[in-house]
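Heads up: the structure comes next, in structure tokens.
The values are calculated or read from the model by the stated rules, or taken from the named source; none is laboratory data. None of the values given here were measured: they were computed from a predicted structure. We place every Cβ from the backbone using ideal geometry, glycine too, and count neighbours over all the protein chains shown. Heavy atoms of the whole protein, side chains included, go into the accessibility calculation; ligands, DNA and RNA do not. Shrake-Rupley method; radii C 1.70, N 1.55, O 1.52, S 1.80 Å.
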Amino acid sequence: MHWIHLAQTIALTGATVHPMTPGSAPLESATVLIEDDRILAVGVDVEIPEDAEELDLTGLHLVPGLI
């Protein structure tokens, strides 16, 4: 039996992102790009792939990597 794994890319956009790195300031209207269970990119100028599912988080706060 063959298993085919298709990567799912999700772009969380518009949120105020609080990076986990010490001394980093919050990023306003930022994007967090996720593929499967991995964060690929965080920033205000992240290019969103055409096949990504985009979720608008405007007005919300996001702390990527916080468990």
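Looking at the chain alone, DSSP beta bridges between its own residues are antiparallel in about 65 percent of cases.
Computing the accessible area with a 1.4 Å probe over protein heavy atoms, can you report the carbon and sulfur percentage for the stretch 18-67? For the stretch 18-67, the apolar C and S fraction of the accessible surface comes to 53 percent. If you bin all the Cα-Cα distances of the chain at 10 Å, starting from zero, the percentages per bin are 22, 50, 20, 6, 2. Here the Karplus curve 6.51 cos²θ - 1.76 cosθ + 1.60, taken at θ = phi - 60°, turns the phi angles of the stretch 49-56 into couplings of x, 4, 8, 6, 7, 9, 10, 7 Hz, with x standing for Gly and Pro.
Near residue 31: Cβ cut-off under 11 Å, other residues only, Lys/Arg at +1 and Asp/Glu at -1. The net charge is -4. Comparing 17, 32, 44 in a Gaussian network model of the chain, where Cα atoms under 10 Å apart are tied by springs, the biggest mean-square fluctuation is seen for 44.
On the basis of the beta-carbon distance and an R0 of 30 Å, residue 50 and residue 16 show a calculated FRET efficiency of 0.70. The Cβ shell under 10 Å around residue 41 holds other residues with a net charge of -3, Lys and Arg each +1, Asp and Glu each -1. Kirkwood analysis of the stretch 28-67, using all unique Cα-Cα pairs, places the hydrodynamic radius at 11.1 Å.
Take the chain with all the other protein chains still there, run a 1.4 Å probe, and you get 77 Å² of accessible area per residue.
Charging the Cβ of each Asp and Glu at -1 and of each Lys and Arg at +1, and nothing else, the dipole of the chain about its Cα centre rounds to 320 debye.
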